[in-house]
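The structure appears right after this line, and notes come after that.
Every number in this text was worked out from the coordinates using simple rules, so none of it is lab data. Bear in mind that the values here come from a model prediction, so they are computed numbers and not experimental data. Cβ sites come from the backbone with ideal geometry, for glycine too, and all protein chains shown count toward neighbours.
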Amino acid sequence: MAKTSKFEAIVKAKCPRCRRGNIFSGSLYGLNLQTTNENCSHCGMRFEVEPGYFYGAMYVSYAFVVGEMLNVGLLTYLITGNDKSPWLYITAILLSILVLTPVNYRYSKVFLLHLLTPKIKYNPEYDTDDKIRNI
């Protein structure tokens, strides 16, 4: 099987080391709530690299929310014209934050693991169909 691209691993929320195992169990939306797995089911890498590691994901999530708020505010302005009502903007922004919360939760951790942690390196030897479980 072909090697998994970094982009595909990020979009599908796969392990940064092997790009095969799932970082999360459960669905993004739905009754089966998403939870972060402790270890990769394929290569065994521990996702929480150190105690409190995912507290850093709060800062990534904050950046996502700020960008979303700016974009939703701008889109609301462009769609409605020059509406002066602040309640329209507040409602649109709060609804977008509520709808995108599961996405922000998931991808803040994925971005932290894949892009912001230099000590986690992709190992193409683990990107195979064989289960490795090398912890």
Worksheet item: Where in segment 15-30 is the amide nitrogen less than 16 Å from a point lying 7 Å along the Cα-to-Cβ axis of THR128?
Response: 18-21
Discussion item. In segment 6-115, if the dipole is taken from +1 on Lys/Arg beta carbons and -1 on Asp/Glu beta carbons about the Cα centre, which of MET69, SER25, TYR59 is farthest to the positive end?
Written reply: SER25
Worksheet entry | Mean Cα-pair separation over length for the chain, i.e. relative contact order, pairs under 8 Å, 6 or more apart, % | 36 percent
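Only counting other Cβ atoms within 10 Å, I'd like SER108, SER41, SER27 sorted with the fewest neighbours first.
By the 10 Å Cβ count, ascending: SER27, SER41, SER108.
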Worksheet entry | For segment 1-51, average projected area of the Cα convex hull in nm² | 4.2 nm²
Discussion item. Largest first and in whole Å, what are the equivalent-ellipsoid semi-axes of the chain based on the Cα gyration tensor, each being the root of 5 times an eigenvalue?
Written reply: 35, 14, 13
